[in-house]
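Reading through the structure tokens given below for one structure.
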Amino acid sequence: MVSIIYGTKGSGKTKQIIDSANASLQNAKGNIVYITDTKEHSLQIENSIRYINAKEYLINTQDRLIGLLAGLMAGNADIEQIFVDGPARICSCPIADMEAFYNYLQKLCQEYGMRFTVTVSAAKEDLPGFIQKLL
């Protein structure tokens, strides 16, 4: 399942995804991963959640972000949920050009039972169709 947290810049998406990640620990049977492009919020994420600052690993394109997810899955079959705060920002890519990323998330959900929560900086009416169908 892919959950989308959307809204315009400054609407509280990051706080919402952080709260969701921390709350997910209550029912987690596997590992939880939180990916963003800053270390600014690292202290707000519970220590048992793997916090990844994508910039530290030179993740700055859609292909590299997909590669990071593939590597995480290949290296740890116990990951049950991944939170990605701002994939378009991480990739320096317009949201409309990220269909391959969202298709990959859906593939991981179908094949491995993964759960993803992703933030998108856009109003509902501005979301591309491939994201709208995930709502």
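Sparse packing (at most 16 other Cβ atoms within 10 Å of the Cβ) combined with a DSSP loop state is found for the following GluC sites (Glu not before Pro) in the stretch 1-62: GLU40, GLU46. Among PHE116, PHE130, the order of accessible area from largest down is PHE130, PHE116, computed with a 1.4 Å probe on protein heavy atoms. Enumerate lysine pairs in the stretch 20-135 that are 8 or more residues apart or on different chains, then count those whose Cα atoms are under 27 Å apart. Pairs that pass both the separation and distance tests number 7. With a simple spin-label model that places each label point 7 Å from the Cα along the Cα-to-Cβ direction, the separation between ALA96 and GLN26 comes to 4.0 nm.
Taking every protein chain into account, the accessible area of the chain amounts to 54 square angstrom per residue (probe 1.4 Å).
With Rg and Dmax of the Cα atoms in Å in mind, check (1) 17.8, 64; (2) 13.7, 38; (3) 19.6, 64 and report the label derived from this structure. Identified label for the calculated read-out: (2).
Amide hydrogen proximity for TYR51: with H placed 1.01 Å from N in the peptide plane, the residues at 5 or more positions away or on another chain lying under 5 Å are TYR34. Bridgeable aspartates and glutamates around LYS13 (alpha carbons under 13 Å apart, same-chain partners fewer than 8 residues away excluded): ASP85.
The values are calculated or read from the model by the stated rules, or taken from the named source; none is laboratory data. Keep in mind that what you see is a predicted model, and the values were worked out from it rather than measured. Methodologically, a virtual Cβ is constructed for each residue, glycine included, from the backbone with ideal geometry; neighbour enumeration extends over all protein chains shown. We work out accessible area using only protein heavy atoms, side chains counted, and drop any ligands, DNA or RNA first. Shrake-Rupley method; radii C 1.70, N 1.55, O 1.52, S 1.80 Å.
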